[in-house]
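The values are calculated or read from the model by the stated rules, or taken from the named source; none is laboratory data. Source: prediction; values computed, not measured. Because the Cβ atoms are built from the backbone with ideal geometry, glycine has one as well, and the counts that use them run over all protein chains shown.
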Amino acid sequence: MTSAPDTGISERTGLAVRVEHVSKSYRLGDGSTLTAADDVTLHIEAGRFTCVVGASGSGKSTLLHLIGAIDRPDAGTIRVGEQDITSLSRRALADYRAGVGFVFQQFHLIPALTVTDNVLAPLVGRKISDDRRARAHDLLEAVGLADRKTALPSQLSGGQQQRVAIARALIGRPSVLLADEPTGNLDSQTAAGVMQLLVDLQHEHGTTLVMATHDQGIARSAERIIHITDGRPHSEAI
Ligand SMILES: Nc1ncnc2c1ncn2[C@@H]1O[C@H](COP(=O)(O)OP(=O)(O)OP(=O)(O)O)[C@@H](O)[C@H]1O
C-alpha cells in the first residue's frame, strides 16, 4: 500500500529552495513586534527530504508559509528553482502556489465533500476533466484509499483523513511539498504509516519535501535536518 503505483503522478521534478536574508515580523496587539524569521539564509536541496526542527514558537510554520508564499517576507529573497517568489506578480504567485503541495497537522478537509472531491478541491475554478478524475483515483490508490472514494471525511479515521490530505497535496503535481507537523494529530502507529507514505511518494516522484516537526524520531528519517531557534536556523543549516 505504501509504494505508489507507477501512474505518472508527478511530472514535475523537485526544485531547490534558496532563502536569502529573509525576515518576517508580526505586529502584536500591544503594539510590539515579534520576529518569527530573523535574517534567515538557508538552502534546501532539490528532490530531498528536509526536516525543520525547533521548539514551539521557534518559527517552523513561518518558514514553511514563506516558502509556500502563503505569507510574504518583510525582507530578503526566496528562490524556488529559477524563480524569485518574493518578486512575482499576483498572477505568477497564484501559478507558483498551484505548484506547491501543503499538508497540515489539522487535515483541513472539507466536511461536506467526498474523499474524491476533497482531493480535487485545489483545482477549483479549473475544468475537472476525466484525466483529473483519473489522477485523483490514482492518488487515492497510492495512499491506500481507492475503496473510500465516496466517503465523507467524518467517516474516516484520522490517519485516513491525513492520507486524503496527502493525495490532495499531490493533485497539482507539486515540485515542492510542505508538511507542517503532518503526524501531530495521529497516534504513533498511524503516524509511522503516514510518514512512510510521505517518504515513499517523495522518493518515487523526486519532490522536494520540507517538513516541520517537533519529533526527533521523524527528523532522523530525513536526509537533512535544519534546527531553528527564535526564528534563526543554526549554523549547520546552510
Ligand atoms: N499571524 C501571526 N501573528 C502574530 N504572531 C504570530 C503569527 N504567526 C506566528 N506568530 C508568532 O511567531 C512565532 C513563530 O510562530 P510559528 O508558528 O512559526 O512557530 P512554530 O515553530 O511553527 O511553532 P509550533 O511548533 O508551536 O507550531 C511565534 O511566537 C508565534 O506566536
Every residue from segment 62-83 that is in contact (Cβ under 8 Å) with a residue 60 or more places away in the chain and either assigned to a helix (DSSP H, G or I) or of a type in the set (A, V, I, L, M) (or both):
THR62, LEU63, LEU64, ILE67, ILE78, VAL80
Out of ALA219, ALA212, report the one residue that is modelled with pLDDT of 95 or more, within 16 Å of the ligand (Cβ to nearest atom), under 18 Å from the mean Cα position of the chain (by Cα) and within 27 Å of ALA37 (Cα to Cα).
ALA212
Members of segment 138-185 found to be within 16 Å of the ligand (Cβ to nearest atom) and among the aliphatic types (A, V, I, L, M), listed by number:
LEU178, ALA179
Kindly indicate whether any position in segment 27-49 is of a type in the set (Lys, Arg), at pLDDT 95 or above and outside any loop (DSSP other than H, G, I, E, B).
no
Matching residues, segment 89-100, being outside any helix (DSSP H, G or I), surrounded by 12 or more Cβ atoms within 10 Å (Cβ to Cβ) and of a type outside the set (Val, Ile, Thr)
GLY99
When residues of segment 24-81 are filtered for being over 22 Å from SER221 (Cα atoms), within 11 Å of the ligand (Cβ to nearest atom), touching a Ser or Thr at 6+ places or on another chain (Cβ under 8 Å) and not small (Gly, Ala, Ser), how many remain?
8
Name the helices (runs of 4 or more DSSP H) wholly within segment 143-238 that hold at least 1 residues that are crowded, with 16+ Cβ neighbours inside 10 Å, charged (D, E, K, R) and in contact with a Pro (Cβ under 7 Å, 6 or more places away or on another chain)?
158-170
Residues of segment 120-142 being surrounded by fewer than 18 Cβ atoms within 10 Å (Cβ to Cβ) and either within 16 Å of the chain's Cα centre (by Cα) or closer than 17 Å to GLN106 by Cα (or both), which ones?
ALA121
Restricting the search to segment 61-115, which residues are β-branched (Val, Ile, Thr) and within 26 Å of ARG133 (Cα to Cα)?
VAL100, VAL103, ILE110, THR114, VAL115
Evaluation of HIS21 against (1) of a type outside the set (Phe, Trp, Tyr); (2) modelled with pLDDT of 95 or more; (3) near the ligand (Cβ under 10 Å from one of its atoms) (one fails), failing number
(3)
Selection over segment 144-185 where residues are touching a residue at least 60 places away in the same chain (Cβ under 8 Å) and farther than 24 Å from LEU66 by Cα yields a count of 1
THR86 being part of a helix (DSSP H, G or I) and either surrounded by 15 or more Cβ atoms within 10 Å (Cβ to Cβ) or touching a strand residue (DSSP E or B) at 6+ places or on another chain (Cβ under 7 Å) (or both):
yes
